[in-house]
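In what follows, a structure is listed as structure tokens, so that the remarks can point back to it.
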Amino acid sequence: MLHYSCDLCKRAIDPHAQARHVVKIEVFQALDDEQACECDEADATADANHLDEMEDMLERLDDTAAMLDAETHLFRFDLCDDCRRRFLRNPLGVKPGKQLDFSNN
């Protein structure tokens with residue numbers, strides 16, 4: 001039998017008596033469209049060997065994919081009901097800053 005515990009509060013979670021919530025987080029580098037395709041209009045209109053250009057582009061894509069795979073991190077957490085509610089209110093765990101109350105003068 002599998003035993004679950006909340007990754008935040010460390011309480012045991014009985015899947016038959018209460019809900020268990022799974023949080024999955026994936027962290028990876030975002031690529032802009034300009035970074036993904038580094039081609040220029042002059043290259044597209046030039047009379048060049050398109051097979052060589054295509055091979056170069058595929059090699060760059062392979063290098064980019066390998067770099068992204070190396071930089072991708074996956075996390076998985078089990079949460080109880082109470083911790084799920086807290087997580088959804090503040091997913092990044094950012095502490096609220098000081099609120100300044102100004103008068104309506």
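The values are calculated or read from the model by the stated rules, or taken from the named source; none is laboratory data. Keep in mind that this is a model prediction, so the values were computed, not measured. Here the Cβ positions follow ideal geometry from the backbone for every residue, glycine too, while neighbour counts run over all protein chains shown.
At a glance:
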item: Candidates Ala30, Ala42, Ala65 - the one that is surrounded by 10 or more Cβ atoms within 10 Å (Cβ to Cβ) and either under 26 Å from the mean Cα position of the chain (by Cα) or at pLDDT below 80 (or both); result: Ala65
item: Subset tally (residues that are farther than 17 Å from His21 by Cβ and surrounded by 10 or more Cβ atoms within 10 Å (Cβ to Cβ)) for region 80-99; result: 0
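One line per residue, one yes/no per condition, for (1) at positive phi; (2) outside any strand (DSSP E or B); (3) modelled with pLDDT of 70 or more:
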| residue | (1), (2), (3) |
| --- | --- |
| Val23 | no, no, yes |
| Gln35 | no, yes, no |
| Leu58 | no, yes, yes |
| Pro91 | no, yes, yes |
| Lys95 | no, yes, yes |
